[in-house]
Each structure stands twice: as structure tokens, then as C-alpha cells.
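Worksheet: one structure, shown below.
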């Protein structure tokens, strides 16, 4: 199963192209390819990531034609006559964005971190965690497998704030992946220098996942010692100005947080005009200062997704692994039925996966990668969602 549908270029204007998908038209920015009218391309996150031959495109489109409209009908049926907040939000999602559901692979390449955040199991003061790092070749090997064997079109490279990865190392990693693989590359490496992000954009990275954690400045600076709220917000804004797709949002359920804080979190995320909302419940880790805290309920998580969808009808909203962890059986399904339209699949090798312990008991890590993919595709089919991103 591909995680993108090939589209036909029907208009070119400056660095943007208009693409036709079964009569549906979307736009994408073209930074890397020489294109002509009639060419077939894959787009992801609003960027052209690959040019393919008409023959290859037609073979894939034949497969999609059999299921695309069938999935649309199923999605429409599930959004008829909504009766509660969650289903109203899901109906809005369907009307504004259709049934596409972005799927990103996430590779957690290092669990070292220089920070001591109270809520995170990767904090530098957690001496009980087994630390690991991947080198350039290992990172590339895993990305190559995900793209060429599993058909992922977008990959998030995630780590703690690990300064072992110097500017030179990160440039080498990004350059190798972007030059050799047709993929949208998204970085989740924390609060690094703006110049570094400028250099990585030049090498081909096009997305950044960086949450602001909480809009409550006092809580932010209490739970992130020696960090300043304004610095985080300014970095997110500057990354947006550089041209990056920005994925941002917050943790909800932190000790001392109010319902008003969560509403402010949603509003601040919207004010930052992200390309994707990424927020999830705080789940306490037993080797952190917040070990005794109580995690939020699944109901609060679904309320937050639904209210975000109603406030920002055309937003892309991620179902995070932390939400799935609150209810491993139904969390993903209920998140999608409450207005979300994106998810991530962990492509980290099994030998490391359990050690990236931001919080304990993460959903999905007990499955093999292929088992996880199959379970996600089966769920999306049952909900009428097409596992693809059509662009903007």
C-alpha cells in the first residue's frame, strides 16, 4: 500500500504546480524537479517529492481506482447525522478535508538529551535508561528500508537534544537521505540554533516538529528548567519564516494546568499557523520528578481533538502515540473519529524502540513494523480513510 497517490501536473506557476487526483485538484511546491505539464508526481505535505513515469503512475492509479471512491463512500456514511461533539468534529473534518489521512514514519535515532525537563523520561538526570545513538549509515539504512520496501513518503527524524550530532553530522545525514530517497524529511531535534536549521533546509529538509509544550509561561519555565518560553515560540515562528512545514502543539494534563490553559494552548497553536497540530496527553514517567502525577483521561484527549477541529476546521490534526497509549485498543480509532486526520508509525528498529522511553508503555512498540502497518491500514479501511496525503 502506497502512502501517496500519484497525480498529474495540469498547471505550473512559478515554483508551484497544480495536480489532478481523480478530478480533485491540489497544489504543491516544487523545489527539486524540472517538471512539465502532463508529468506525474508524488506530493507530500504540500511538496513535490518524486517524479515518476506515466507507466508507473498508471499501474498505481489502477490499484487506487478500485478502492478510493469506495473508501470515500464509507467515510461519508460514518459522518452522517452526527450526534455528539466528537462526531460533529469528524463531520467537519470530512467536509473540509475529505478522507485522506497522512501517514508519517518516525525514526527515533538517539535517546540522549542535554535537557532535564520534568515530564520526559529522556531527561539527562534519568540514569536508569539505556542510551543509544545511530550513525549516519544506520539512519540512512532504516530510512531506505521504510521508503523503498514499505512505501513511506514522509519520515520524521526524532531525537533528544543530542549535541553529539554536530552541524556537520546532521548536514551529512540530511543530504544523504534527500539526495538518494524520494521522501519528505521532517526534523524533530529540539531547540537547536537557527543557523543549523537554515543549513538543513538548504540541504533539503522541509519539515520541523517542535512543540511549545504549554502556553502557560509559568508552567513552561517550571517544568523546563533554564529555558524561556519566548525563545521557544520565536524559534517556531522563525522556522515557519524559513519555509519549513511546522508541526507544533502542546502537552495537556500537566500538573497545575487548567481547562483555560488547554484552550489557550489550542489558540496559540492556531496563532502559529502550523501545517499540522501535534498535541498529546502528558503520561508520567516513573524516573522523573512528576512520577506520581495522574495522566489525563481519554475523554479529555478526544475533547481536545474535537474542539481543535471545530475551532480550526481546515487544520491537519495528528493522533499522537501518547493518545493511543491511553487506550491501546481503541485510542487511535476514537481519535480519528473525533476529527483527527493524521498519524505516525514508528519505524525505529526493535532493538532500540523500547529505549526511547519518553513515557512508559508506549502503544505499538510490542508489534513488529509490518504488524503495526497492517493493523493501521485495516483500521483506516474500516473508517473509509485513504492512507495518503494529496497536498494543499
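Side notes on the structure shown:
- When 94, 55 are checked against the criterion of being under 29 Å from residue 243 (Cα atoms), outside any loop (DSSP other than H, G, I, E, B) and either modelled with pLDDT of 95 or more or in the same structural domain as residue 243 (by TED's automatic domain parsing) (or both), a single residue qualifies: 94.
- Within the set 296, 313, the sole residue that is in contact (Cβ under 8 Å) with a residue 12 or more places away in the chain and under 27 Å from residue 45 (Cα atoms) turns out to be 313.
- When 297, 248 are checked against the criterion of being at pLDDT 95 or above, out of contact with any strand residue (DSSP E or B) (no Cβ under 6 Å at 6 or more places or on another chain) and buried (at least 23 other Cβ atoms within 10 Å of the Cβ), 248 stands alone in meeting it.
- When residue 72 is tested against (1) in contact with a helix residue (DSSP H, G or I) (Cβ under 8 Å, 6 or more places away or on another chain); (2) part of a helix (DSSP H, G or I), just one condition goes unmet, and that condition is (1).
- If you go through region 42-57 and keep only what is over 22 Å from the mean Cα position of the chain (by Cα) and surrounded by 14 or more Cβ atoms within 10 Å (Cβ to Cβ), you end up with 51, 52, 57.
- If you go through region 103-130 and keep only what is farther than 18 Å from residue 282 by Cβ and either touching a strand residue (DSSP E or B) at 6+ places or on another chain (Cβ under 9 Å) or not in a loop (DSSP other than H, G, I, E, B) (or both), you end up with 103, 104, 105, 106, 107, 108, 109, 110, 111, 112.
- All conditions but one from (1) under 24 Å from residue 320 (Cα atoms); (2) without any contact (Cβ under 8 Å) to a residue 12 or more places away in the chain apply to residue 202; the one that does not is (1).
- The residue that is surrounded by the most Cβ atoms within 10 Å (Cβ to Cβ), counting only those in region 115-137 that are more than 22 Å from the chain's Cα centre (by Cα) and without any contact (Cβ under 8 Å) to a residue 40 or more places away in the chain, is 124.
This table checks each residue for (1) closer than 19 Å to residue 141 by Cβ; (2) surrounded by fewer than 19 Cβ atoms within 10 Å (Cβ to Cβ); (3) not assigned by TED's automatic domain parsing to the domain that holds residue 349.
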| site | (1), (2), (3) |
| --- | --- |
| 155 | yes, no, no |
| 159 | yes, no, no |
| 167 | no, yes, no |
| 170 | yes, no, no |
| 180 | yes, yes, no |
| 206 | no, no, no |
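- Residues of region 329-340 include none that is out of contact with any helix residue (DSSP H, G or I) (no Cβ under 7 Å at 6 or more places or on another chain), surrounded by 17 or more Cβ atoms within 10 Å (Cβ to Cβ), at pLDDT 95 or above and closer than 19 Å to residue 211 by Cβ.
- Residue 80 vs. criteria in a helix (DSSP H, G or I), free of Cβ contacts under 8 Å to residues at least 60 places away in the same chain and loosely packed, with under 15 Cβ neighbours inside 10 Å: no
- Residues of region 261-282 that are in contact (Cβ under 8 Å) with a residue 24 or more places away in the chain, part of a helix (DSSP H, G or I) and out of contact with any helix residue (DSSP H, G or I) (no Cβ under 7 Å at 6 or more places or on another chain): 261, 263, 264, 265, 267, 268, 269.
- Subset tally (residues that are part of a strand (DSSP E or B), without any contact (Cβ under 8 Å) to a residue 40 or more places away in the chain and surrounded by fewer than 19 Cβ atoms within 10 Å (Cβ to Cβ)) for region 5-28: 8
- Any hit, region 334-352, residues being free of Cβ contacts under 8 Å to residues at least 60 places away in the same chain and under 24 Å from residue 140 (Cα atoms): yes
- Only one entry of 230, 257, 221 meets the criterion of being over 18 Å from the mean Cα position of the chain (by Cα) and surrounded by 16 or more Cβ atoms within 10 Å (Cβ to Cβ), and that entry is 257.
The values are calculated or read from the model by the stated rules, or taken from the named source; none is laboratory data. Just so you know, these numbers come straight off a predicted model, no measurement behind them. Because the Cβ atoms are built from the backbone with ideal geometry, glycine has one as well, and the counts that use them run over all protein chains shown.
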